[in-house]
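Notes follow the structure.
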Amino acid sequence: MTTPYGVRAESGKISPMSLKVGIVGLPNVGKSTLFNALLKRQQALVANYPFATIEPNVGVVEVPDERLSVLAEIVGTSKIVYATVEFVDIAGLVAGAASGAGLGNKFLSHIREVDVIVQVLRAFEDKEIVWAREGTTPTATQFGGQGVDPKSDYEVVTAELILKDLETIQKMKESKTLRENGLEKKRELAEKLYTGLDAGRPAREVLSSGEEWKLATDLYLLTMKKEIRVLNVSEDDQRLKEYSGEEVVISAKIEAELSELPEAEAKAYLSELGIKESGLDKLIRKAYETLGKISFLTAGELEARAWTIESGMKAPEAAGVIHTDFTKKFIKAKVCTYGDFVAQNGWKGASEAGKVRVEGREYVMRDGDVVEFMIGS
């Protein structure tokens with residue numbers, strides 16, 4: 001006997017696909033303002049002095065997906081469940097953080113817990129906002145200087161992450177376990193990493209093979225993490241109308257204003273500014289792409305929902321994201337592309353038009369697949 005699933009999961013048995021993004025940078029570059037805009041409410045403390053954020057603020061943000069409202073209308077449901085991303089607003093970092101300056105140790109420990117790093121870089125002038133380029137404690141003399149240099153700021157943060165990783169590798173090299181247990185490949189990797197990091201290269205640029213990445217997994221190096229660079233610009237910066245793909249350009253101030261508006265007014269405001277898409281939408285999409293995530297969709301009377309999975313995941317593993325038991329009980333999957341599902345007005349029309357495929361255990365899921373899994377009892 002088989003039962004179709006793909007509409008909902010039983011409470012307590014969902015297997016979540018976690019995606020945690022850490023927002024980092026020097027103090028007063030707009031991290032908390034950006035975070036508040038992401039949450040669409042004032043959850044983080046925004047203040048005009050360094051270290052306004054001490055403990056990391058955490059918020060779960062819905063990933064915008066216009067496909068879901070279309071699916072919901074087709075299947076006649078009012079409930080929409082979006083994929084989510086967890087954003088963490090982490091305390092500002094200063095030069096010397098790797099050796100404990102400022103809130104360095106707290107900052108670096110919180111970075112270890114995220115999947116991808118978003119470095120917010122100040123690219124706007126504002127004489128009213130104090131600047132934190134150098135120093136070890138938040139005093140007026142150390143943080144009073146002005147100047148905008150996102151490249152230099154990026155180098156400061158990256159250098160601190162590299163220094164902390166060098167400390168980790170040095171401890172590894174000195175480990176008696178590593179010296180005495182015949183872990184030759186691990187020792188060679190430690191030497192390679194130390195040499196690369198010492199030359200100013202992040203670990204992700206030093207590791208050159210799948211085997212090396214696997215060996216380095218338990219080191220939890222900060223510079224192994226993928227990263228996204230965000231330029232926080234002024235409201236009238238022309239770069240807001242462009243998107244190179246290398247960096248995400250955002251005006252945190254505009255995003256904060258948009259977050260207070262109803263959806264229709266927010267869209268009108270963006271149109272007036274000549275901006276096609278919210279910077280936050282760009283950032284969320286970039287986080288998905290950076291971590292190799294895609295979404296498959298389910299649609300039924302109870303809900304229309306997006307599920308986050310790894311790109312390249314096969315159907316049984318994707319079923320397991322809906323319910324932990326579904327992977328081993330998977331039999332087959334009914335699959336329709338989003339475009340065909342919409343064009344044929346749902347499952348019935350798509351089936352009659354020959355647009356629904358029955359896929360087995362080796363099927364590799366694609367972004368936008370509308371799916372109903374057949375599960376054994």
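The values are calculated or read from the model by the stated rules, or taken from the named source; none is laboratory data. In this text, all values refer to a predicted model and were calculated from it rather than measured experimentally. As a convention, Cβ positions derive from the backbone with ideal geometry for all residues, glycine included, and neighbour counts pool all protein chains shown. With ligands, DNA and RNA removed, areas are computed over all heavy atoms of the protein, side chains included. Shrake-Rupley method; radii C 1.70, N 1.55, O 1.52, S 1.80 Å.
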> If S377 passes every condition in (1) of a type in the set (S, T, N, Q); (2) surrounded by fewer than 19 Cβ atoms within 10 Å (Cβ to Cβ); (3) under 27 Å from the mean Cα position of the chain (by Cα) but one, which one does it miss?
Replying inline: (3)
> Quick one: which of V120, V157, V116 is within 22 Å of the chain's Cα centre (by Cα), farther than 21 Å from K253 by Cβ, open to solvent by less than 70 Å² (accessible area, probe 1.4 Å) and at pLDDT 90 or above?
Replying inline: V116
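Only one residue in E227, E212 is within 22 Å of D115 (Cβ to Cβ), touching a strand residue (DSSP E or B) at 6+ places or on another chain (Cβ under 6 Å) and surrounded by 15 or more Cβ atoms within 10 Å (Cβ to Cβ), so which one is that?
E227
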> Which residues, counting only those in the range 348-374, are closer than 19 Å to E66 by Cα and either open to solvent by 60 Å² or more (accessible area, probe 1.4 Å) or aromatic (F, W, Y) (or both)?
Replying inline: R366, D367
> If you scan the range 173-206, which residues turn out to be touching a residue at least 12 places away in the same chain (Cβ under 8 Å) and more than 30 Å from K31 (Cα to Cα)?
Replying inline: K173, L178, K185, K186, R187, L189, A190, E191, K192, L193, Y194
> Can you pull out the residues in the range 319-377 that are farther than 22 Å from T308 by Cβ, among the polar types (S, T, N, Q) and part of a loop (DSSP other than H, G, I, E, B)?
Replying inline: Q344, N345, S377
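How many of the residues making up the range 309-347 are acidic (D, E), touching a residue at least 24 places away in the same chain (Cβ under 8 Å) and open to solvent by less than 60 Å² (accessible area, probe 1.4 Å)? Walk me through it before giving the result.
We begin by selecting, within the range 309-347, every residue acidic (D, E); these are 310, 317, 325, 340.
In the following step, the residues that additionally are touching a residue at least 24 places away in the same chain (Cβ under 8 Å) were identified as 310, 325.
This time we only want the ones that are open to solvent by less than 60 Å² (accessible area, probe 1.4 Å), so: 325.
Of the residues in the range 309-347, 1 are acidic (D, E), touching a residue at least 24 places away in the same chain (Cβ under 8 Å) and open to solvent by less than 60 Å² (accessible area, probe 1.4 Å).
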>> Give me the residue from the range 285-304 that is assigned to a helix (DSSP H, G or I) and over 25 Å from I74 (Cβ atoms) and, out of that set, most open to solvent (accessible area, probe 1.4 Å).
In response: E289
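Take Y269 and decide whether it is within 30 Å of K171 (Cβ to Cβ) and of a type in the set (F, W, Y).
Values: within 30 Å of K171 (Cβ to Cβ): no; of a type in the set (F, W, Y): yes.
So Y269 fails the test.
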> If you take the residues in the range 236-272 that are of a type in the set (S, T, Y) and modelled with pLDDT of 90 or more, which one is surrounded by the most Cβ atoms within 10 Å (Cβ to Cβ)?
Replying inline: S251
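Could you say which residue among L193, L221 is touching a Lys or Arg at 6+ places or on another chain (Cβ under 9 Å) and at pLDDT 90 or above? Spell out the reasoning first.
Numbers: L193 fails: touching a Lys or Arg at 6+ places or on another chain (Cβ under 9 Å).
Checking each option against the conditions leaves just L221.
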